[in-house]
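This report refers to the structure that appears directly beneath it.
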Amino acid sequence: MPGGPGPEGPEQQALFGWEDTELPAPPARGGFRDSPRARRMLDVREVYAEPAALDSPRGRQILARLPGVPVTEVAGHWRIPSLHGNDGNIARWTRIKTETLVLGVRQSLTTRPNGRSADWIAPGASNGCAMACAYCYVPRRKGYANPITLFTNIEAIIAHVRRHVRAQGPKPEANQCDPHAWVYDIGENGDCSVDALICDNTADLVAAFRSLPTAKASFASKFVNPDLLALDPQGRTRVRFSVMPADDSRLLDLRTSPVAERIAAAADFLDAGYEVHFNLSPVVLRPGWERDWADLLVHLDDVLPARVKEQAAAEIIMLTHNQQLHEVNLGWHPRAEEVLWQPAAQETKRSENGALNVRYAREVKREALARLRELIAAHAPWLRIRYSF
Ligand code: SF4
């Protein structure tokens, strides 16, 4: 594709050293969010904002941390032609994700039932991501050039969640989401750890759940942000570190923290008051996948202390893909598609919005899940599987 990366596809950006599995120490002043490592992830040089977002306390707080950064007012955060969509943006996705921030006001405040990863999906406080995983479903509607949009009406989002939690009353019976608490996913369309580099929405949500004894927040993350260790969640927030074999992650999880660093952070997050689970996600079937997942499970078993293992649980999520994303990826990262796009093993399903989604064929998936469960039983028998999908 003109202007795109070469035929070898993009290199994993050197955000972090692969051998470095220590949790980065926060700098003495300002926190991790002001460190050079944080700025390699997010170095905002332009802001697009709805006027109402600019006028809000959260919007003003965010902009106060971005002195001199030009702001372009937009009527709506949802469609910004120069920013969203794929046409013309393929060559500059990473730059857009690093340097652009959108501020908007979330209009729809609804909580949806889920029943798999969480009991409920809360209205997220952001949409979009500074990372660039090749299989990510989040950009399907905005296009891959989908930087972080932060919603500044965080008080309204939290008030809605509080009302919803109170309306449920105590959880009547245990389920795989949690034995006691209603679990609310707070990060469906982004990564709360990265959002916390630029605003306090994640901190506010963690604080809100601290005072909701019948509920628990939950979010998946591929980024280790040591600033979250100071949020004092008091057991009411579950972080789910996503893990996959290092070779897959290098190829597919662009701009994320190395998997070994996510695993190394687990004990620190537990000690800081989080519940720490793992997402074995996505499981990508390719030659050698069983050996590499076994190595990963052995690594988890070797490095995690007993206190992490005792409370850990995992979700297994098999890769799903999408024809449009496949075609987009061919333009910038064809090597990823060599493992993601496997028509002989996959079947298609037309979604309600007309998109052609792809997943492993029923029998392929059944056998792979059975094999992965065997590997877990052999190498990490303490890892309770909450559900597989
Ligand atoms: S970290 Fe999550 S939201 Fe961000 S690009 Fe990767 S899969 Fe998508």
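The values are calculated or read from the model by the stated rules, or taken from the named source; none is laboratory data. Predicted model only: the values in this text are computed from it and were never measured. All Cβ positions, even for glycine, are placed from backbone atoms using ideal geometry, and neighbour counts span all protein chains on display.
Listed here are the helices (runs of 4 or more DSSP H) enclosed by segment 51-152 that have at least 3 residues being touching a strand residue (DSSP E or B) at 6+ places or on another chain (Cβ under 7 Å), touching a residue at least 60 places away in the same chain (Cβ under 8 Å) and within 15 Å of the ligand (Cβ to nearest atom): 93-99.
Answer with yes or no whether ASP204 is crowded, with 22+ Cβ neighbours inside 10 Å and among the acidic types (Asp, Glu). Answer is no for this residue. Once segment 218-236 is narrowed to residues that are touching a strand residue (DSSP E or B) at 6+ places or on another chain (Cβ under 7 Å) and touching a residue at least 40 places away in the same chain (Cβ under 8 Å), the residue that is farthest from the ligand (Cβ to nearest atom) is GLY235. The C-beta contact set for segment 37-50 (first residue of a type in the set (Ser, Thr, Tyr), second residue part of a loop (DSSP other than H, G, I, E, B), distance under 6 angstrom, 6+ apart or interchain) comprises TYR48/VAL74; TYR48/ILE80.
Okay, residues lined up against (1) closer than 30 Å to ARG92 by Cα; (2) surrounded by fewer than 23 Cβ atoms within 10 Å (Cβ to Cβ); (3) touching a Ser or Thr at 6+ places or on another chain (Cβ under 8 Å):
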{"site": "ALA132", "(1), (2), (3)": "yes, no, yes"}
{"site": "TYR144", "(1), (2), (3)": "yes, no, no"}
{"site": "ILE148", "(1), (2), (3)": "yes, no, yes"}
{"site": "CYS177", "(1), (2), (3)": "no, no, yes"}
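Applying a threshold of 7 Å to beta carbon distances and a minimum spacing of six or more residues, or different chains, the list of pairs starting in segment 189-213 at a residue that is closer than 23 Å to GLN168 by Cα and part of a loop (DSSP other than H, G, I, E, B) and ending at one that is charged (D, E, K, R) and away from the ligand (no atom under 16 Å from the Cβ) reads LEU212/ARG162; LEU212/ARG236. Within segment 238-283, restricting attention to residues that are free of Cβ contacts under 8 Å to residues at least 60 places away in the same chain and of a type in the set (Val, Ile, Thr), which residue is nearest to LEU369 (Cα to Cα)? Looking at residues that are free of Cβ contacts under 8 Å to residues at least 60 places away in the same chain and of a type in the set (Val, Ile, Thr), I get VAL243. Within the span defined as segment 334-345, every residue fails to be aromatic (Phe, Trp, Tyr) and under 30 Å from GLU275 (Cα atoms). Residues being part of a loop (DSSP other than H, G, I, E, B), among the acidic types (Asp, Glu) and at pLDDT 95 or above are represented in segment 25-48 by at least one member.
Restricting attention to segment 113-147, which residues are aromatic (Phe, Trp, Tyr) and at pLDDT 95 or above?
Hit for segment 113-147 is TRP120, nothing else.
Condition first: assigned to a helix (DSSP H, G or I) and not charged (D, E, K, R). Now tell me which residues in segment 162-176 satisfy that. Once the filter is applied, which keeps residues that are assigned to a helix (DSSP H, G or I) and not charged (D, E, K, R), segment 162-176 yields HIS164, VAL165, ALA167, GLN168. Just one of (1) surrounded by 22 or more Cβ atoms within 10 Å (Cβ to Cβ); (2) farther than 20 Å from ARG373 by Cα fails for ARG307. It is (1). The single condition among (1) out of contact with any Phe, Trp or Tyr (no Cβ under 8 Å at 6 or more places or on another chain); (2) touching a residue at least 40 places away in the same chain (Cβ under 8 Å); (3) buried (at least 22 other Cβ atoms within 10 Å of the Cβ) that ASP295 does not meet is (3).
Kindly indicate whether any position in segment 277-287 is outside any strand (DSSP E or B), in contact with a helix residue (DSSP H, G or I) (Cβ under 9 Å, 6 or more places away or on another chain) and surrounded by 22 or more Cβ atoms within 10 Å (Cβ to Cβ). Yes - at least one qualifying residue is present in segment 277-287. Filtered by the rule that a residue be within 15 Å of the ligand (Cβ to nearest atom) and in contact with a Phe, Trp or Tyr (Cβ under 7 Å, 6 or more places away or on another chain), segment 153-199 gives ASP185, ILE186, GLY187, ASP191, CYS192, SER193, VAL194.
Let's see how each residue does on (1) within 27 Å of ASP119 (Cβ to Cβ); (2) among the hydroxyl-bearing types (Ser, Thr, Tyr); (3) touching an Asp or Glu at 6+ places or on another chain (Cβ under 6 Å); (4) in a helix (DSSP H, G or I):
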{"position": "ILE316", "(1), (2), (3), (4)": "yes, no, no, no"}
{"position": "ASN329", "(1), (2), (3), (4)": "no, no, yes, yes"}
{"position": "ALA336", "(1), (2), (3), (4)": "no, no, no, yes"}
{"position": "ARG359", "(1), (2), (3), (4)": "yes, no, no, no"}
{"position": "GLU363", "(1), (2), (3), (4)": "no, no, no, yes"}
{"position": "LEU369", "(1), (2), (3), (4)": "yes, no, no, yes"}
{"position": "ILE376", "(1), (2), (3), (4)": "yes, no, no, yes"}
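Scoring LEU251 on the criteria (1) surrounded by 23 or more Cβ atoms within 10 Å (Cβ to Cβ); (2) aliphatic (A, V, I, L, M); (3) in a helix (DSSP H, G or I) leaves a single failure, condition (1).
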